[in-house]
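Enquirer: Just dropping this structure here.
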Amino acid sequence: MNPTHPKPIYLDYSATTPVDPRVLEKMLPYFGEVFGNAASRNHQFGWAAEQGVEEGREQIAQLIGAQGKEIIITSGATESDNLAILGVAEMYGKKGNHIITCVTEHKAVLDPAHYLESKGFEVTFLPVDPQGMIDLKALEAAITDQTILISLMAANNEIGTLHPLKEIGQLAKAKGVLFHCDATQAAGKIKLNVEEMGIDLMSLSAHKMYGPKGVGALYVRRRQPRVRLAPILHGGGHERGMRSGTLNVPGIVGFGEACRLARLELEEEAVKMIALRERLYQGLAAKLDYLYLNGHPTQRLPGNLNLSFAFVEGESLMMGLEFIAVSSGSACTSASLEPSYVLRALGIGDDLAHCSIRFSLGRFTTEEEIDRTIEQVVATVTRLREMSPLYDMAKAGIDLKSIQWAGH
Amino acid sequence: MYSDKVLDHYNQPKNVGSFEEGDLSVGTGIVGAPECGDVMKLQLKVENGRIVDARFKTFGCGSAIASSSLATEWVKGKTLEEAAQITNSEIAEELSLPPVKIHCSVLAEDAIKAAVNDYKNRQ
Ligand SMILES: Cc1ncc(COP(=O)(O)O)c(C=O)c1O
């Protein structure tokens, strides 16, 4: 990196996190002396690798209140989501052909659901309210005698809204429907417990919680009820036959350590995240008008702040924040030229969706970084608003909705 | 990711601002829509059939800002007819816009044409 440039600030922890140095430390031997195949049952190289895997599995399980045996290792949350949804659909397809999910889920849930639709399944995509919450009554009403699975995320990756997992779990249990929860963003950030929340399947990913990329897990309940899944990957019968393939031993060891650290530090870290997030939000709100919070004001991920800076297009704002890494729901950052489907689902209007920026804070974020971010965002938004015809109109009291725009 | 020319126009946009709306020597074009993520307002000041000055304000991505900034530079000194002949592909080429940003140059072309028409309608 160029030494004359300021140190870049990373506020995109929802995209991925750096590996915690303590995690890396724990992984290193597994690239060297402990290189065995965890499935080699007949020699010490295999046993040593297996021990690392089992310890990792145990730590993953403990983070969510599960048993090690209930953890199926995968390549990441995309695979976990696919395995949960496609695996349940194939295994329980004779029992019913209806699945319930919601419009703001990650593509790793929505796309398998759409795929199942093309195979004759019925899928209900529940809407959300302007804060990104599902309506429990609507969920209950959507359940039919054909429903085999409810798939709802713990925390939304864009707006950070937390779904009421316990209530969803109770409902699912009462109706005898399996509950899959994509907890990729929530794990290690808020407390999760599969027993208390009545969760039957849960997707996790190491790289969102200071572990390495390319490893994830699917929790699969073994008792009350014993959940069965048809595999996607067929082969050597690893992972109770649900996911064949030689295990990523260093990855699993790192994932386990990341989970152990998260379990021990989660509460303290959440307090720190919320304080930093509020510092950022208040700092911006004190200096900028026409600022809108996307997502839920309180039921949200500690490190997530998603804001719309009205009259300033998101990508142009990111361009001005040269040394700050954030992400935007604006269309210009996607190939489709459509703004984020999550923000659209909130009904905030495409104009505000184009103006959104997601700040996601994490373990290594400092107050000093937040203060520099406030300064730069305020300066850039102010400069771009001076250039924005919409800001002029708003200041002049013109209702932008009353204008007949020549769209293109 | 961005060409140097786009970055230059973004960092130091040319001719940002507005002319008096009521001024008969001014033509104003507003194109785009907030829902689409870009709105350009381009104004031309005309004397004796020639564009002597131009201003813009743009809500949009960096390429949209750069396209409108460039448009204000290019129209200066041109007759209305010459200005109306500026094409989006010339703008896109000058700024080395990638395919997903071509619509920004289209918008700039439309803004010039709209401003020229507005001026003519006012006379
Ligand atoms: C909610 C959610 N689900 C699934 C994924 C996919 O995770 P992975 O990158 O591990 O495949 C992500 C990551 O972007 C996510 O945020």
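The values are calculated or read from the model by the stated rules, or taken from the named source; none is laboratory data. Owing to the predicted nature of the structure, the values given are computational and were not obtained by experimental measurement. Quick reminder, even Gly has a Cβ in these numbers, built from the backbone with ideal geometry, and neighbours come from all protein chains shown. Side chains included, ligands, DNA and RNA excluded: accessible areas come from the protein's heavy atoms. Shrake-Rupley method; radii C 1.70, N 1.55, O 1.52, S 1.80 Å.
Enquirer: Which of the following residues is farther than 28 Å from residue B:14 by Cα, facing another protein chain (nearest Cβ under 10 Å) and open to solvent by 40 Å² or more (accessible area, probe 1.4 Å): A:338, A:386, A:367?
Expert: A:338
Enquirer: Looking at the range B:43-58 only, could you name the residues that are more than 14 Å from chain A (Cβ to nearest Cβ) and open to solvent by less than 10 Å² (accessible area, probe 1.4 Å)?
Expert: Passing the criteria: B:44, B:46, B:51, B:54.
Enquirer: Sticking with this structure for a sec: Report, by residue number, each residue of the range A:64-80 that is more than 16 Å from the ligand (Cβ to nearest atom) and open to solvent by less than 40 Å² (accessible area, probe 1.4 Å).
Expert: Selection gives A:65, A:66, A:68, A:70.
Enquirer: A further question follows. Would you confirm, using the coordinates I've provided, whether residue A:126 is of a type in the set (A, V, I, L, M, F, W, C), buried (at least 21 other Cβ atoms within 10 Å of the Cβ) and touching a residue at least 24 places away in the same chain (Cβ under 8 Å)?
Expert: The answer is no for residue A:126.
Enquirer: Take the range A:367-408 and flag every residue that is without any contact (Cβ under 8 Å) to a residue 60 or more places away in the chain and of a type in the set (S, T, N, Q).
Expert: Within the range A:367-408, A:376, A:402, A:404 meet the criteria.
Enquirer: Moving on. Quick check on the range B:4-42: of everything there that is polar (S, T, N, Q) and closer than 24 Å to residue A:330 by Cβ, which residue is surrounded by the most Cβ atoms within 10 Å (Cβ to Cβ)?
Expert: Among them, the one singled out is B:11.
Enquirer: Whether any residue in the range A:181-198 is away from the ligand (no atom under 16 Å from the Cβ), under 20 Å from residue A:112 (Cβ atoms) and either within 14 Å of the chain's Cα centre (by Cα) or outside the structural domain of residue A:364 (by the TED database) (or both) is what I want to check.
Expert: Within the range A:181-198, none of the residues are away from the ligand (no atom under 16 Å from the Cβ), under 20 Å from residue A:112 (Cβ atoms) and either within 14 Å of the chain's Cα centre (by Cα) or outside the structural domain of residue A:364 (by the TED database) (or both).
Enquirer: Are there strands (runs of 3 or more DSSP E) fully within the range A:206-314 with at least 2 residues that are of a type outside the set (Gly, Ala, Ser) and in the same structural domain as residue A:51 (by the TED database)? List them.
Expert: In the range A:206-314, the matching strands (runs of 3 or more DSSP E) lie at A:216-220.
Enquirer: Does residue A:256 count as within 14 Å of the ligand (Cβ to nearest atom) and touching a helix residue (DSSP H, G or I) at 6+ places or on another chain (Cβ under 8 Å)?
Expert: No: the conditions fail for residue A:256.
Enquirer: Is there any pair with a first residue in the range A:60-84 that is of a type in the set (D, E, K, R) and a second that is within 16 Å of the ligand (Cβ to nearest atom) whose Cβ atoms are under 6 Å apart and which are 6 or more apart or on different chains, and what are they?
Expert: Every condition considered, the pairs that remain are A:70/A:219; A:81/A:108; A:81/A:109; A:81/A:182; A:81/A:203.
Enquirer: Additional query: Going by the structure shown, is residue A:109 part of a loop (DSSP other than H, G, I, E, B), of a type in the set (A, V, I, L, M), modelled with pLDDT of 95 or more and assigned by the TED database to the domain that holds residue A:217?
Expert: Against the criterion (part of a loop (DSSP other than H, G, I, E, B), of a type in the set (A, V, I, L, M), modelled with pLDDT of 95 or more and assigned by the TED database to the domain that holds residue A:217), residue A:109 does not qualify.
Enquirer: Next question. Kindly list the number of the only condition in (1) among the small types (Gly, Ala, Ser); (2) in contact with a Pro (Cβ under 9 Å, 6 or more places away or on another chain); (3) more than 9 Å from every other protein chain (Cβ to nearest Cβ) that fails for residue A:402.
Expert: That leaves (2) as the condition not met.
Enquirer: What is the number of the single condition among (1) surrounded by 22 or more Cβ atoms within 10 Å (Cβ to Cβ); (2) over 17 Å from residue A:60 (Cα atoms); (3) in contact with a Lys or Arg (Cβ under 7 Å, 6 or more places away or on another chain) that residue A:277 does not meet?
Expert: With (1) surrounded by 22 or more Cβ atoms within 10 Å (Cβ to Cβ); (2) over 17 Å from residue A:60 (Cα atoms); (3) in contact with a Lys or Arg (Cβ under 7 Å, 6 or more places away or on another chain) applied to residue A:277, the lone miss is (3).
Enquirer: Now a separate question. Does the range B:66-76 contain at least one residue that is more than 30 Å from residue A:349 (Cα to Cα), assigned to a strand (DSSP E or B) and either open to solvent by 40 Å² or more (accessible area, probe 1.4 Å) or more than 8 Å from chain A (Cβ to nearest Cβ) (or both)?
Expert: No - not one qualifying residue is present in the range B:66-76.
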